[in-house]
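Visitor: Can you read through this structure? Questions will come right after.
The values are calculated or read from the model by the stated rules, or taken from the named source; none is laboratory data. Please read all numbers here as calculations on a predicted model, not as lab measurements. Quick reminder, even Gly has a Cβ in these numbers, built from the backbone with ideal geometry, and neighbours come from all protein chains shown.
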Amino acid sequence: MFLEYLALFFMFMLVCAFVCAIICIPIMIANARGICGTQKTIIVILSWLGIFFVITWFAALILSLASHGDCSCSCGSRLDDLEKLAKLYKSKVISKTEYDKMKAKLLKDK
């Protein structure tokens, strides 16, 4: 009797893991495409509501595939790059002209 309950428990856990993996597909696609902010929040909510209402999972999947990663989350990395560039210039690793060229390139890229 105990082994039957144990087998049932492991089957339940396997089904839960499978459902969670399926639910997370639109979220993983959104992460890979660089989607963030409100769009990503909507995708996450619709994905998890897909447990109860399957149609919302399909809506999240379509939204994650149709949206473009045009979010401004990369500003932090650009700021980090500018700080690194300034450190290189202050430590005399690069010249003033190299610093100005690289800085202009970083500020130009969006």
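Visitor: May I ask you to verify whether Lys108 is at positive phi, modelled with pLDDT under 90 and over 24 Å from the mean Cα position of the chain (by Cα)?
Guide: no
Visitor: Determine whether the stretch 52-60 contains at least one residue that is closer than 29 Å to Ser77 by Cα and without any contact (Cβ under 8 Å) to a residue 40 or more places away in the chain.
Guide: Yes: one or more hits.
Visitor: Go through (1) assigned to a loop (DSSP other than H, G, I, E, B); (2) over 21 Å from the mean Cα position of the chain (by Cα); (3) surrounded by 13 or more Cβ atoms within 10 Å (Cβ to Cβ) and name the single condition Leu88 misses.
Guide: (1)
Visitor: Another one. Please determine whether any residue of the stretch 70-80 is within 30 Å of Lys108 (Cβ to Cβ), part of a helix (DSSP H, G or I), modelled with pLDDT under 90 and among the charged types (D, E, K, R).
Guide: yes
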